[in-house]
């Protein structure tokens with residue numbers, strides 16, 4: 001094989017890459033490392049604005065695989081119409097589960113136990129005690145029970161939650177119990193003390209957490225979003241937060257980045273983190289393992305992992 005492979009990680013820093021392809025390092029710089037028309041396997045730069053990663057795609061007339069290093073693929077979907085038929089789009093399942101699940105748990109605990117209030121009080125030199133909600137004995141509803149949703153449940157189990165309720169696009173049964181379809185949400189939302197959103201952003205999930213969804217949540221419930229910002233209807237959430245009926249912990253927002261003057265920053269009962277579910281020390285070793293595995297499969301003409309769709313299919 002003499003086709004080009006574009007990598008956002010320098011190839012000499014990845015052990016185990018197969019011989020054959022010409023590896024080109026490109027992480028979103030203005031100048032391309034080679035002619036995009038010769039690229040057969042394109043790894044989209046991670047944590048770059050959407051247009052950056054999409055820029056070379058229209059010229060990649062020989063591309064066979066587009067590999068993201070994110071769990072979601074919504075940022076590359078606008079370019080799919082420009083690709084030849086038969087291109088396989090793969091996501092980074094297996095890379096972000098640990099980090100994102102850690103953050104989901106962090107946001108839940110920080111919000112319930114009032115950690116932001118303690119930090120602000122520390123800055124003022126104030127000792128502020130009192131009772132706060134515990135995670136123990138709380139009912140947690142996970143909306144989006146893929147690999148990240150399952151990893152979140154793995155980390156919830158030791159905290160004696162009661163119970164974890166799972167929701168995905170369609171019903172199925174897992175070792176831990178049933179997964180409900182999205183159509184069951186109206187009946188499930190009023191039971192949950194904590195609602196965690198970990199679903200991909202699709203047309204079906206855009207504004208899933210709208211005014212009706214939020215109104216069905218019980219008084220005092222916590223909404224946690226580690227999915228994508230547009231899964232939540234921002235104005236509807238603001239209404240609930242400002243009334244004091246719900247609280248929220250958001251790693252993703254709509255818009256994003258959140259402008260400095262946006263009312264979400266100062267809404268009561270909210271914790272905001274700047275989309276940091278994935279970028280931790282756990283990312284790079286897992287990303288490298290995924291790329292080595294995928295590229296060995298590609299070179300040896302074996303089935304790829306994590307194929308989300310094939311263009312023209």
| Within the stretch 104-126, is even one residue at pLDDT 95 or above, in contact with a strand residue (DSSP E or B) (Cβ under 8 Å, 6 or more places away or on another chain) and not in a helix (DSSP H, G or I)? | no
| Residue check: is residue 10 touching a strand residue (DSSP E or B) at 6+ places or on another chain (Cβ under 7 Å) and over 23 Å from residue 286 (Cα atoms)? | no
| message | Being surrounded by 16 or more Cβ atoms within 10 Å (Cβ to Cβ) and under 27 Å from the mean Cα position of the chain (by Cα) is the requirement here; does residue 86 meet it? | response | no
| query | Looking at (1) out of contact with any strand residue (DSSP E or B) (no Cβ under 7 Å at 6 or more places or on another chain); (2) at pLDDT 95 or above, can you tell me which one residue 130 breaks? | reply | (2)
| remark: Checked against (1) part of a helix (DSSP H, G or I); (2) under 30 Å from residue 61 (Cα atoms), residue 94 satisfies every condition except (1)
| If you go through the stretch 210-230 one residue at a time, how many are farther than 17 Å from residue 193 by Cβ and surrounded by fewer than 23 Cβ atoms within 10 Å (Cβ to Cβ)? | 5
| request: Could you give me the residue pairs with C-beta distances under 6 Å whose first residue belongs to the stretch 100-115 and is in the same structural domain as residue 251 (by TED's automatic domain parsing), whose second residue is assigned to a helix (DSSP H, G or I) and surrounded by fewer than 24 Cβ atoms within 10 Å (Cβ to Cβ) wherever it lies, and which are 6+ apart or on separate chains? | output: 101/151; 101/155; 105/155
| task | Please identify the pairs in which a residue from the stretch 290-313 that is surrounded by 11 or more Cβ atoms within 10 Å (Cβ to Cβ) has its Cβ atom under 6 Å from the Cβ atom of a residue that is in a helix (DSSP H, G or I), counting only partners at least 6 apart or on another chain. | result | 304/294; 304/297; 311/80
| query | Taking the stretch 10-25 as the region of interest, how many residues are within 18 Å of residue 42 (Cβ to Cβ) and either assigned to a strand (DSSP E or B) or touching a helix residue (DSSP H, G or I) at 6+ places or on another chain (Cβ under 9 Å) (or both)? | reply | 9
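The values are calculated or read from the model by the stated rules, or taken from the named source; none is laboratory data. Note that the structure is predicted; figures quoted are calculated from it, not measured. Positions of Cβ are generated from backbone atoms using ideal geometry, with glycine treated the same way; all protein chains shown enter the neighbour counts.
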